[in-house]
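Working notes for the structure below.
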Amino acid sequence: MSIEVEVDESDLAEMVEQVWESYLDPEGVSPLIPTYDENQPSEVHSSVSITGTWTGHVVYASSRAAAQRAAAAFLAMDLDEVSEEDISDTLGELANIVGGNVKAMLPPGSQLSLPQVNLTPESSARFPNTQRIGGVYGVWEGEPVSISMWQSRIDNKEEGA
Amino acid sequence: MTPMRAMVIDDSRAMRMILKRIVTKLNFEAVEAGDGKEALDLLADMTEVPELALIDWNMPNMNGLEFVTKVRADPRLREMTLVMVTTESEQSQIVRALAAGAHEYVIKPFTEGAMIEKLALLGLVPTGANS
């Protein structure tokens, strides 16, 4: 069984703003600027899965340069100090934080997976039988970043059955 | 004066680094663990128990709630101040953690200032340490 997701794009945007304020732009000088372009390119992505009252995925995707910049900001490092492990850990935690907050807005009973990180584009990711239902798309210091939600189509079929 | 010690328990290395940076700035000595089980193993080998533990909820092997429950059941660890630091922000989850023995609850994402304020409320850092 699944319910209609109660998290809309403004909720997602608010969560993303909190992430920027807390970790990526604590000085408030470099916000994520919306582009509303869900087809913007990405080179790396991370995701968490939610199962239960709503089933789907929350995906963080960006260019490699934005991911490196995110790791530097998150871990308080210089850009040239950032390693692949730092990028991977940061992307995973960003997906975890947004996914955890999405889960919190759903009725109780959902489970959040540990994050998966894939240093390949979101468009090549395999989220079988899912449909993108919303997202925040923008540029951060000129680089593309998106946070999107993908709902399982299997649930929709079950609902209709 | 011996510095206070803080245990940072999170399966995310990135989050451990952030928390470690904050507590180190507050003059704590930081000890890291990747899950509740590793934290308990480390505590078993320590002669002096850390004053503070910052604990994620969702971790492999042993989650944060189980860790809090086990710490509270161990008289040797009774004095530790336990702060959950997690994305689990549902009211029912907060109630569960506090009922299990956590002293405070910080929801991710958090700012450095918000974390320091929480620790000040617990009397672990001087009020105004954030300014």
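Charge dipole of the protein assembly as shown (Cα centre as origin; +1 on each Lys and Arg Cβ, -1 on each Asp and Glu Cβ, all else neutral): 720 debye, rounded to the nearest 20.
Multiplying each eigenvalue of the alpha-carbon gyration tensor of region A:6-52 by 5 and taking the square root yields semi-axes of 20, 16, 13 Å, largest first, rounded to whole angstroms. Taking B:PRO60, B:PRO109, B:PRO50 in turn, the Gaussian network model of chain B (Cα-Cα springs below 10 Å) assigns the largest fluctuation to B:PRO109. Projecting label points 7 angstrom from Cα along Cα→Cβ for A:ILE133 and B:LYS25 puts them 3.7 nm apart. Taking only the C-alpha atoms of the protein assembly as shown, the Rg (one decimal) and the largest Cα-Cα distance, Dmax (whole number), read 19.3, 68 Å. Pairs of Cα atoms nearer than 8 Å and 6+ residues apart set the relative contact order; for chain B it is 20 percent.
Each residue, A:GLN111 and A:GLU141, gets one label point 7 Å from its Cα in the Cβ direction; the gap between the two is 3.8 nm.
How large is log10 of I(q)/I(0) for region A:1-106 at q = 0.10, 0.18, 0.22 Å⁻¹ when the intensity is taken from the Debye formula with one equal scatterer per alpha-carbon? Those come out to -0.30, -0.93, -1.30, one per q. From the Cα gyration tensor of region B:32-72, with a ≥ b ≥ c the square roots of its eigenvalues, which class applies: rounded if a/c is under 1.5, or else prolate if a/b is larger than b/c, or else oblate? Taking the square roots of the gyration eigenvalues as a ≥ b ≥ c, region B:32-72 is prolate.
From largest to smallest, the equivalent ellipsoid semi-axes obtained for region B:69-131 from the alpha-carbon gyration tensor read 21, 17, 7 Å.
For region A:9-160, calculate the relative contact order in percent as a whole number, restricting contacts to Cα pairs under 8 Å that are 6 or more residues apart. Relative contact order of region A:9-160: 34 percent. Protection proxy ranking of A:103-113, A:63-73, A:37-47, by the mean of other Cβ atoms within 10 Å over each peptide's residues and highest first, is A:63-73, A:37-47, A:103-113. Legend: mean number of C-beta atoms from other chains within 10 angstrom of residue C-beta atoms, peptide B:76-88, equals 2.
Helical runs (DSSP H, four residues minimum) scored at -39500 (n - 2.57) apiece and divided by the length of chain A put the mean residue ellipticity at 222 nm at -10000 deg cm²/dmol. Within region A:62-154, the ratio Rg/Rh, alpha carbon atoms throughout and Rh by Kirkwood, equals 0.99. Working note: Debye formula, equal point scatterers on the alpha-carbon atoms of region B:5-121, no solvent; log10 I(q)/I(0) at q = 0.14, 0.17 Å⁻¹ is -0.49, -0.75. Summing charges over all other residues whose Cβ lies under 15 Å from the Cβ of B:THR86, with Lys and Arg as +1 and Asp and Glu as -1, gives -4. Label positions at B:ARG78 and A:GLU6, each projected 7 Å from the Cα along the C-beta direction, are separated by 4.1 nm. Only helical runs count toward this figure. For chain B, summing -39,500 (n - 2.57) over DSSP H runs of n ≥ 4 and dividing by all residues gives -12000 deg cm²/dmol at 222 nm.
Taken together, the values in this text are just the output of simple stated rules run on the coordinates, not laboratory data. Since the structure is predicted, the reported quantities are computational estimates derived from the model, not experimental observations. All Cβ positions, even for glycine, are placed from backbone atoms using ideal geometry, and neighbour counts span all protein chains on display.
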